[in-house]
Every structure is written in C-alpha cells, then in structure tokens.
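Working notes, beginning with the structure itself.
The values are calculated or read from the model by the stated rules, or taken from the named source; none is laboratory data. Remember, it's a predicted structure, so these values are computed and weren't measured experimentally. Positions of Cβ are generated from backbone atoms using ideal geometry, with glycine treated the same way; all protein chains shown enter the neighbour counts. What goes into the accessible areas is simple: the full protein's heavy atoms, side chains included, and nothing from ligands, DNA or RNA. Shrake-Rupley method; radii C 1.70, N 1.55, O 1.52, S 1.80 Å.
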Amino acid sequence: MSDIRFAAATEEPAAVRRLLIGLAVAGLATLVAAPLLVVFAEALAQGWLAAVTALGNRDAQSAIRLTLLIAGISVPLNAAFGIAAAWFITKFDFRGKAVLITLIDLPFSVSPVVAGLCIVLMFGTNSLVGGWLVASGHPIVFALPGIVLATMFVTFPFVARELIPVMIEQGRAEEEAALTLGASGWRTFRTVTLPNIRWALLYGVLLCNARAMGEFGAVAVVSGKIRGQTATMPITIEMLYNEYLSVAAFSLAAVLTLLALVTLLLKTALEIRHADQLSATHRH
Amino acid sequence: MHIEIDEISKAFGPTAALTPVSLAIPSGALVALLGPSGSGKTTLLRILGGLEFPTSGRILFDGADATGLAVQDRRAGFVFQSYALFRHMTVFDNIAYGLKTRPRATRPPRAEIARRVTKLLDLIQLPDIGARYPSQLSGGQRQRVALARALAIEPRMLLLDEPFGALDAKVRKDLRQGLRDIHDETGLTTVFVTHDQEEAMELADLVVVMSGSRSGGRIEQIGKPADIRARPATPFVRDFISA
Ligand SMILES: Nc1ncnc2c1ncn2[C@@H]1O[C@H](COP(=O)(O)OP(=O)(O)OP(=O)(O)O)[C@@H](O)[C@H]1O
Ligand SMILES: [Mg+2]
C-alpha cells in the first residue's frame, strides 16, 4: 500500500514540478542572490580603485581587524561552552533539564539590544562591578571585553542547538562501549563523541562565526561606537552609510559578505572531501 | 571467573528496578538471565559490567569485592543490545579499540594488534570485512563484530544484552551456535540476557528466571534448563516457560 502511495506522491505532473522549481528559484534569486549582487555592484560603482582606497582607510582596517579578533575569541569559547552544555544535557539525567534547554535558547528570543543593555547595566561605570573595573583600568563597557561578551551572549545557542539533537539521537551506547573497553572519560570523548558530532559541530561553529562577525544590535549598545577603537565592521558600515559614504560602506559590506561566503565554501569543500565518511557516520 | 552477586538492589530515583537479588555464577558457566520486559535483566547485567552501580549489596569477582570497581577496570566484555559499534571507525579499528586504548606499558605493538584483530575476524568467520564501516554490514555481521570487539580486550567475563534480539530466526540459530562455540573455546564466564525461553533453555548451562513487579525485579528460580522444565519453583515460572 505505502509503496503505491509513495510512487504516486513523487509523480507530480511535469507542469506542477516546473512551477514549484520555478518558485524556488525565483525566491532564491530575489531574496538571496539579488541583494548580494547589489552589495557588490554598489561597492564597485565608482570602480575598483575607489573601493580599494576606501578599504585602505585606517578606520576600515581597524574595523576589519576588530571583527576578526572578536570572532576569533568568541567562536572558540562558544564552541567549548556549546559542547560542554550539549554533553551535559544529553549524557546525564538530572532534574531541571528542560529549564536548562530553555535557558540556552534565551539569547534567540531576547532582542540583542536588550542583551547589550543588560551588559551595560551590569558592567557600566554606574554599577558596582563596573565602577571598580574602570577604576582599576579594565573597563568592560565601551571596550573589547564588552563587545566579546555581547557577541558571545548573542551567539551562545548556535553550537549547543546543533549538537543537542544529534547527541540525543546517537544516545550513550557508543560511549558506554568505549568505557567497557577500558577507555577513560576523556579518551572516550576524544575518540568516540567528538568524531560522531564533528559535522554538527562544524556547522554550528560556522553559523556562530557568521553571526559573530555580523552582530549589530548588542554590539552597538556596548561598544560606544568609537571609530578606530570599538567600531566593528557592521557598526562602521552603518556609520559610513549614514554619512552618505556609499562606496566605503558597500566596500566594507562586500568584505563582510565575502567572509561569510568563504566560510560557506569551506564547509562545502569539507563535505565533498569527506563524503565517504559522512555517509558512513550518518544513520542509514 | 567466579561471580558472586550478594543481595544487590537497584532503584532509579523512585523506580525500583531490582529488589535484593543473590546469585552465584560458577567460573566458566554460560548463564541466561530470562524474564519478561521490565524484570531488571539489563539492570543486573549493567551492574555486573560497571555501567550502573547498585543501591545496596555487593559483587564479588573470584572472592574479591568488586562493588565499586570502575567500569574500565572490570575487564568485562560487553555486547550491547544495539551493538553500539563505533560508526565512524572501520570494523578493524572497532575491534582494535580496546587494545589501542591500553596504557603504553601494556599496549601490544601495532603488528601484534593487527595479528590479534585478524585472528578475531577469523574466529567470527568474517575474515574479509576489516575495512568496512558498521553501516555496510548486515545485522548478524554487526552482532559478530560487537562480540569480537568485546573479546579483543581479553575479558574476564562476557556480558551480552539480548545478543540475538534484532535478528531473524535463521540468523539467530546460527549465531546461537556461534556463541556456544566461542564460549566453549575461550572458557569465559558468560552471562546473556534474553526474553526467549527456548533460547535460554537451549543455550545456557544455568538459567536464571526473573520476574518484574512494582517493587522491582526479582529472581524466581535458578537452575539447569532440565530442572526448571521438570520442576518450576513458582506459578510464575510455570506460566512463563509454558508460554
Ligand atoms: N536509567 C533508568 N532510569 C529509570 N528507570 C530505569 C532505568 N533503567 C531501567 N529502569 C527501570 O528499571 C526496570 C527494569 O528495567 P530493565 O531495563 O533492567 O528491564 P529488562 O528486564 O532489561 O527489560 P527488557 O526486556 O524490556 O529489556 C524497569 O521498570 C525500567 O523502567
Ligand atoms: Mg533489557
């Protein structure tokens, strides 16, 4: 019975199929491809030279460096936290598990601006901790630590969210098998758990990275938008755009887009290269 | 190895899984834990393997207290119900895992590990599958690889949770004989879990019939298959083996 229904389900009339494919392509083209192209077109509106000159500007350079630094700090940290959280949630039974999972999702539902404000309230000059930190010469707000904190808060769920369903699906049996074969907890994690979750982990890290580089709202609040010091790429793009420096704004936007595209290409390349292992490690 | 289970009980929070049970398993015996679903068979097996710790009671291995012994130090070859093969490793690496994981002082050299894995692949009569991944094997082949992986650590005992549960009747019969042969060859004390009374009666030297209830799993009768058939100790056993 189910065979017959299945065959029928895939045998839509050719016209319907073409219509659906057409819709998908049109959607992708207008919603994804066209805006990307416009960014590059605007960046190059006055030729390559103007775009490259704009990027050579000291503030632009500092913004690129700052954004890479922030991603470089917050992504590895969040990967580690995400693995730990997912491991804890899926491999142990305890009360309040549902609450913890909700807590991990919190950054998705809280507006980034609110998150930024929370950090300002907690660590700003007017707070107890913040006052002391500023006095001792280690300010958090309007400085790198605050931007890293804001970025980490906003991107915290990405890795854990990717890992939890995969780790739940895989269960604990393989880890238990490794333990009975004499492996320590750490060795079990390295040789069994980590290889089993590596694709989900990679995917989570890439998403986390893309968002870390692109985050605007939370960073806008905590950074103070000090040009050449705390202005990240998205912040600088906004400032340039507001000043009608369209070539400069779009050149920087193009670089940000390119960074995202490179991460995606990297992922695709890895997937092609390890296709055999991918099919072997996925459930059949 | 002689195993002594002394008044072991186990509760998972409010759920009682085992009421105090006692059982002596002579060295080299092939023992079946037989009982319906929820009678605590898996729980008892996992306690023996060190994957679960009892709420009360003691376990003795060859007379020495092993109640708190860590899972890594038990040297119990464990075959899981779903086999739990490492899906990202080849069959060869699966079987070699326990040897490679040993501390340097006791780890055999690479060539010796390869030799032993080859020997185990011969033992399970699948000499040519070393390079394959678990997803490329049939259910029966996976079961045999899981057995080889457990044997590779030179275990002191073999623990199997429903080793033939997920297989069709013909394959079950073959593998049953295979387990008997491997047991007779290695002389390992072996405990396997089943809810199939025919399987237990045919394969085991000693059958432990268990029943489950709200107050936890308990042992109804311990005996040779023929004795249990001839003289069921309780109405539960009579019903269960005639079913
Ligand atoms: N991790 C756990 N947490 C809570 N309760 C558990 C856990 N493991 C087992 N139990 C409970 O303990 C009892 C015995 O379970 P066990 O798995 O040992 O039974 P079993 O005889 O192996 O059954 P089956 O034939 O279905 O595998 C059951 O009531 C079960 O619900
Ligand atoms: Mg069970």
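Assorted remarks:
- Some residue of the stretch A:198-210 being open to solvent by 30 Å² or more (accessible area, probe 1.4 Å) and more than 30 Å from A:E174 (Cβ to Cβ): yes
- Hey, B:T19 within 16 Å of ligand 2 (Cβ to nearest atom) and more than 22 Å from B:F80 (Cα to Cα) or not: no
- Of all the criteria given as (1) away from every other protein chain (no Cβ under 13 Å); (2) not in a helix (DSSP H, G or I), the one not satisfied by B:R115 is (2).
- Contact map, the stretch B:43-55: residues that are more than 15 Å from B:G77 (Cα to Cα) and in a helix (DSSP H, G or I) paired with residues that are open to solvent by less than 10 Å² (accessible area, probe 1.4 Å) and more than 12 Å from ligand 1 (Cβ to nearest atom), Cβ distance under 7 Å, separation 6+ or inter-chain. No pairs are found.
- Among the residues of the stretch A:115-131, those identified as free of Cβ contacts under 8 Å to residues at least 60 places away in the same chain and surrounded by 12 or more Cβ atoms within 10 Å (Cβ to Cβ) are A:C118, A:L121, A:M122, A:F123, A:G124, A:T125, A:S127, A:G130, A:G131.
- Every residue from the stretch B:72-110 that is basic (K, R), more than 7 Å from every other protein chain (Cβ to nearest Cβ) and either without any contact (Cβ under 8 Å) to a residue 24 or more places away in the chain or at positive phi (or both): B:R75, B:K100, B:R104, B:R107, B:R110
- Failed condition for B:V79, given (1) open to solvent by 20 Å² or more (accessible area, probe 1.4 Å); (2) within 16 Å of ligand 1 (Cβ to nearest atom); (3) within 26 Å of B:S138 (Cα to Cα); (4) of a type in the set (V, I, T): (1)
- Extreme residue, nearest to ligand 2 (Cβ to nearest atom), among residues of the stretch B:38-48 that are open to solvent by 10 Å² or more (accessible area, probe 1.4 Å) and closer than 20 Å to A:F92 by Cα: B:T42
- Odd one out for B:S215, checked against (1) away from ligand 1 (no atom under 16 Å from the Cβ); (2) among the polar types (S, T, N, Q); (3) over 21 Å from the mean Cα position of the chain (by Cα): (1)
- So B:L51, is it open to solvent by less than 10 Å² (accessible area, probe 1.4 Å) and within 16 Å of ligand 1 (Cβ to nearest atom): no
One line per residue, one yes/no per condition, for (1) under 20 Å from A:R211 (Cβ atoms); (2) touching a Phe, Trp or Tyr at 6+ places or on another chain (Cβ under 9 Å):
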{"site": "A:I70", "(1), (2)": "yes, no"}
{"site": "A:I73", "(1), (2)": "yes, no"}
{"site": "A:A80", "(1), (2)": "yes, no"}
{"site": "A:G96", "(1), (2)": "no, no"}
{"site": "A:A115", "(1), (2)": "yes, yes"}
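- Some residue of the stretch B:28-37 being within 13 Å of B:M157 (Cβ to Cβ), open to solvent by less than 30 Å² (accessible area, probe 1.4 Å) and within 9 Å of another protein chain (Cβ to nearest Cβ): no
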